Structure formats: C-alpha cells, structure tokens
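The values are calculated or read from the model by the stated rules, or taken from the named source; none is laboratory data. Owing to the predicted nature of the structure, the values given are computational and were not obtained by experimental measurement. Glycine gets a Cβ as well: all are built from the backbone with ideal geometry, and neighbour counts include every protein chain shown.
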Amino acid sequence: MMRSMFAGVSGLRTHQTMMDVVGNNIANVNTAGFKASQVTFAESLSQVLRGPSGASADRAGINPSQIGLGVKVAQIEGIFTQGASQVTGRNTDLAVQGEGFFIVAAAGEQNYTRLGSFTFDEAGTLATATGAAVQGWVADSAGVIDTSGSLQDIQIPLGQVVDPQETTEVQIGGSLSSESLVGETATTSIDVFDSLGNGHEAIFTFTKSGTNTWGVSATVEGSPLTISPATLAFDTVGQLTSAPTLAISGFTPPGANAMSFDIELGSTLPIVQFGGESTMEAKAKDGQAIGYLVGYTIGDDGTIAGQFSNGTNKLLGQVATASFSNPGGLTRGSDSTYLASVNSGEPLVGAAGTGTRGLMSSGTLEMSNVDLAREFTNLIIAQRGFQANSRVITTADELLSDLVNLKR
C-alpha cells in the first residue's frame, strides 16, 4: 500500500517537472531564438515479487511478477526546429536559416546562440545586448578575409577610411568626325586624382590637322600637359593606326607627387573616325579620392561589406557560425546562449552556407519555435496527470485509514 503512495508521489514530482518545462516554453513564446524543450518520462525500478522460471517436462514456464515503483524524468531535451523569421529592418539583426549557431564571447568564455540581435558599440565591436562580442574574422587592409584563421571579435571602427589612389589610366573612346575641317576641335574632360586623393579636371582637346590625322593636347586646371605621342592617325575605314596609348605628364599638384598617367584609345573603348558628329569622350578612369565609411551590408554568408563615400565597396569582416553533431547535447546558459558539452561534439566553425551550416538573413530575427497548440495540450496532460496521481495518494490514504480503524 505504501508503494502505491510513493508511486503517486513520484507521479506528482514528474508532472510538476513537466509543468515547469511547459511553463518555461510558454513564458518564452516571444523570445527570439528560443528553442523549446520537451520532457520524456520513464518507469522507475520495479520490485520483483517472483522471478521467472523456464518450462520443464512436467511444468510450463512462469513469468516474473513485478510491481513498479513509480515514474521518473528520463530526459529533458531541446527541440531545435527552425523558428519563423520576423523582419526587423535593422542591418545588424541576423537569423540563421538552417543549422548553425552564432559564436559570442564574454569574459573569456565562448558561447553559442541563435539570437542574432546584434549592434555595434562605441568602439565598433559587433556585440549582443548583454555585451558579448560576436566572433568571426576581420579583413586585412586589402579587404581579404582568411576564414582559416583564428576567431576574433568583429570590430569595424566607424572612422575607417579607404586610402586614396592616384590616377594611372584614362580611357577615351567614341568617334571623331571625319567630316571635320582642318583646325576644328573636339574636347572632353574628366576628373583625375593625385597622390593625395585630390581631384583635378583634365581637359583633352583633339584638333583636326589633316586628312585622317588629329593632334592631341591636354590641360589640368589650365596648366598644359606633355603628351607623347601627340598625333592620332586613322586609315580609310576609320580605324586607329597610330599608337593606342598616349603618355601624359607635366603637372605637379601642391604637396603631391608629379602626376603621370596614360590615355588608352584602342583597348576596351576604342576611338574611331567615322562620319557624322564627334561623339568622342572620356569614359572611364582609375584612381579615387579618400573614402569614409558611410554604411554597410551583411551578406547571406556573413560577410560585412563597407560602403564608402567615394563609391567603393570593401569587405570588412565576416561573422562566423558553428554547427554540432548533436545540438541536443548542448548545455543551456544564460541570455539565450548554449555551451558545448562532452555529448554535443566539438563545434565545427566555418562560414555560413558551408558544410552543414545554414545561410544568414540580414534584417531579420528568428522567432521562438514554441508551438502554443502543443504546449496548451501538454498543459492539460500535465494537469490531468497531476490530478490522477493525487487521487492515488488520497485513495491510498483512505485505505490506510480503514486499516487503522480495523481494531476499533
């Protein structure tokens, strides 16, 4: 009789644990990145009243007689299904689509999380709301990212700049009018950059000097430049027959190096001489002014591309992700984080979209995967299980009371 009471007590305890798990799931129904848990029960040890015996020549076999001693919690395991995505519009909000965890570090400890609500702090470090630094790889000065290197804090100083580059090549293409008279001109201009990144307007003048020949001159801010060669020649079908590259020199900006660059006439954008109006123009150049970081985007592979004021883009870093052979073996920590354990396997660190690691989605957060319909159903099951086990205890108590009263 006492066995039934103790079995009922074990039932109360396990169903109370089930209520605790269900309550925690429901409490975190709106917690981004939260993964629900579920409880699995198992029968406790049984008391053997009579052991089994095998069959003999004059007797059949006998099964064992056992009385169970109640129930216990076999396991509380996480459910790592994908949660729905919520669009937030914040570039630093990230969600992993598929397997994988973000890696964050605080106080020298490396944790893992599905909660991708990040922001840059005053030092330019990408961090969680609780101050843990997001881990990944930072690009070198050339914008190259080495994902085989060790992890480090993702840090992008807001004052980062792109160095200026001096112009070394200008491309001029189009048509010079074959109908132009000797002495008529066609001009085009383009901004070129010196070694300090300052822009200067370069004006190129093409003057008809004879049949199928043109002279070339140039100035920068009114100062004449030296051009070699300074003459263009075309054949009778309008194709350039002289040197396709002109060397420009002869201008030294204040405080900068002397400028020298080439004019490309016959490569990507060829210059020709056809009838009609002249359509020749400077179409492209290299070089750039100094660029200040004005924005950034995060790609689905976790790469952070900086957008600079001079129109260039440059890779600044990449957010790392980690996957585990057994995510259910992870230990839950605080602030929606997980810690690796002996049963989770070692973290497989790499870029998003490689291996078993899912892609990232910028501007979105992964919502909780709690299924309210299932949780409310489990709530009813836990309640009824608790009530049923309490009835076992009260019934056993009544039987004991009747037993005590037999002497009266």
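Identify all residues within segment 328-346 that are surrounded by fewer than 20 Cβ atoms within 10 Å (Cβ to Cβ) and not aliphatic (A, V, I, L, M); write none if there are none. Selection gives Gly328, Gly329, Thr331, Arg332, Gly333, Ser334, Asp335, Ser341, Asn343, Ser344, Gly345, Glu346.
The numbered conditions (1) outside the structural domain of Asp194 (by TED's automatic domain parsing); (2) in a strand (DSSP E or B) are all true for Val342 except (2). Being more than 13 Å from the chain's Cα centre (by Cα) and more than 22 Å from Ala84 (Cα to Cα) is the filter here; which residues of segment 337-373 pass it? Within segment 337-373, Leu339, Ala340, Ser341, Val342, Asn343, Ser344, Gly345, Glu346, Pro347, Leu348, Val349, Gly355 qualify. From the set of residues in segment 74-99 that are touching a Leu at 6+ places or on another chain (Cβ under 8 Å) and among the β-branched types (Val, Ile, Thr), which is surrounded by the most Cβ atoms within 10 Å (Cβ to Cβ)? Among them, the one singled out is Val96.
Against the criterion of being touching a residue at least 60 places away in the same chain (Cβ under 8 Å) and exposed (fewer than 14 other Cβ atoms within 10 Å of the Cβ), Val144 qualifies. Scanning segment 315-341 for residues that are in contact with a Lys or Arg (Cβ under 9 Å, 6 or more places away or on another chain) and of a type in the set (Phe, Trp, Tyr) yields one hit, Tyr338.
Determine if segment 19-42 includes at least one residue that is in contact with a strand residue (DSSP E or B) (Cβ under 7 Å, 6 or more places away or on another chain), under 21 Å from Ile67 (Cβ atoms) and surrounded by fewer than 20 Cβ atoms within 10 Å (Cβ to Cβ). Yes - at least one qualifying residue is present in segment 19-42. Any idea which residue in segment 100-128 is surrounded by the most Cβ atoms within 10 Å (Cβ to Cβ), counting only those that are touching a residue at least 40 places away in the same chain (Cβ under 8 Å) and not in a strand (DSSP E or B)? The extreme case among them is Gly100. Among the residues of segment 147-159, just one is hydroxyl-bearing (Ser, Thr, Tyr) and either surrounded by 14 or more Cβ atoms within 10 Å (Cβ to Cβ) or not assigned by TED's automatic domain parsing to the domain that holds Leu126 (or both), namely Thr147.
Look at segment 376-388: where a residue is in contact (Cβ under 8 Å) with a residue 24 or more places away in the chain and a partner is surrounded by 17 or more Cβ atoms within 10 Å (Cβ to Cβ) and small (Gly, Ala, Ser), sitting 6+ places away or on another chain with Cβ atoms under 8 Å, you get Gly385/Gly11; Phe386/Gly11; Ala388/Gly11. Among the residues of segment 258-286, which ones are crowded, with 20+ Cβ neighbours inside 10 Å and within 19 Å of Ala186 (Cα to Cα)? Listed by number, the residues that qualify are Ile263, Glu264, Leu265, Ile271, Gln273, Ser278, Met280, Ala282. Flag: Gln66 matches the condition of being out of contact with any helix residue (DSSP H, G or I) (no Cβ under 9 Å at 6 or more places or on another chain) and in a strand (DSSP E or B). Filtering segment 167-212 to residues that are closer than 16 Å to Gln273 by Cα and aromatic (Phe, Trp, Tyr) leaves only Phe206.
Being touching a residue at least 24 places away in the same chain (Cβ under 8 Å) and either part of a strand (DSSP E or B) or loosely packed, with under 13 Cβ neighbours inside 10 Å (or both) holds for only one residue in Thr236, Thr219, and it is Thr236. Pairs linking a residue in segment 14-28 that is more than 24 Å from Glu43 (Cα to Cα) to a residue that is small (Gly, Ala, Ser) and surrounded by 18 or more Cβ atoms within 10 Å (Cβ to Cβ), with Cβ atoms under 6 Å and 6 or more positions apart or on different chains, are Asn25/Ala36; Asn28/Ser368.
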